[in-house]
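What follows is a short report on a single structure.
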Amino acid sequence: MKKTSLEDLHREHRPDAIEERLRRSAASENVSDAVLGAIDGCVTTFAVVSGAVGAEFPVAVALVLGFANLVSDGFSMAVSNYESMRAQHEFVDDVRRMEHEHIARIPEGEREEIRQIFRAKGFEGAQLEQIVDTICSDERLWVDTMLTEEHGLQKAGGSPWKAALTTFFAFLAAGAVPLVPLFFNALPVQQRFILSTAMAAVVFFLIGMLKSLVFARPLLRSGLSTLLTGGTAAALSWLTGYLLRTLVGIASP
């Protein structure tokens with residue numbers, strides 16, 4: 001990772017910059033969902049195109065398989081993301097309700113948990129008691145602290161519906177790109193495949209650059225890494241189609 005200059009660090013840690021960065025934390029989750037969906041979508045359809053070309057199937061077969069996989073896999077991925085986030089939210093809510101109940105029934109025991117948590121961090125004496133009093137004076141803060149410190153949980157993130165829709169539409173948008181050149185009937189099949197490869201490569205590279213914004217990685221390196229991942233998947237798919245056609249005896253219609 002490129003080392004940040006001292007001047008940039010000071011600028012990034014001004015109170016207003018910190019406030020803005022914390023406010024953007026939820027938005028970064030949406031970007032992560034979009035990146036995940038887009039990578040999987042482009043890999044899925046371009047792999048189908050590569051496998052069909054390797055097996056020398058007609059373009060119509062590649063289109064049918066490509067769009068069928070695009071819709072079904074996109075839906076499956078969106079549902080999986082939704083269910084995963086909903087389960088996480090429900091688990092955090094259950095733990096939160098439990099902690100509220102414990103505070104209501106045994107407040108001194110819960111105060112002692114806060115005390116021991118912060119004593120383990122090196123606080124002692126009056127300073128420790130001030131921290132305990134401050135946290136325990138606000139029940140929401142008290143419960144949030146217990147979620148993080150005792151159970152190792154983070155507060156529930158964004159909406160499962162929003163995550164699912166972001167994943168689904170990113171999957172469709174990126175996954176449709178490698179299929180577009182197959183509609184160019186005036187071009188020979190091999191030229192359409194080359195064009196599909198070029199367009200998929202651009203998509204992979206752009207997704208990698210977008211990913212770098214989420215994980216703070218160098219743009220070029222992240223773009224090339226994602227391009228290599230997608231290219232490897234497509235190459236394996238083409239090789240599978242080729243081997244099935246030549247070794248197993250699958251013939252094109």
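For this structure, a couple of remarks:
- Members of the stretch 125-148 found to be among the charged types (D, E, K, R) and closer than 12 Å to R115 by Cβ, listed by number: E129, D133
- Selection count, the stretch 136-193, where residues are among the hydroxyl-bearing types (S, T, Y), over 16 Å from D93 (Cβ atoms) and surrounded by fewer than 16 Cβ atoms within 10 Å (Cβ to Cβ): 1
- Number of the exception - G158 against (1) free of Cβ contacts under 8 Å to residues at least 40 places away in the same chain; (2) under 30 Å from F67 (Cβ atoms); (3) not in a helix (DSSP H, G or I): (1)
- Scanning the stretch 38-81 for residues that are touching a residue at least 12 places away in the same chain (Cβ under 8 Å), within 20 Å of A186 (Cβ to Cβ) and part of a helix (DSSP H, G or I) returns V49, A52, V53, V59, V61, A62, L63, G66.
- Any chance T246 is of a type in the set (S, T, N, Q), buried (at least 19 other Cβ atoms within 10 Å of the Cβ) and modelled with pLDDT under 75: no
The values are calculated or read from the model by the stated rules, or taken from the named source; none is laboratory data. Just so it is clear, the structure is predicted and the values come from calculations on it, not from any experiment. All Cβ positions, even for glycine, are placed from backbone atoms using ideal geometry, and neighbour counts span all protein chains on display.
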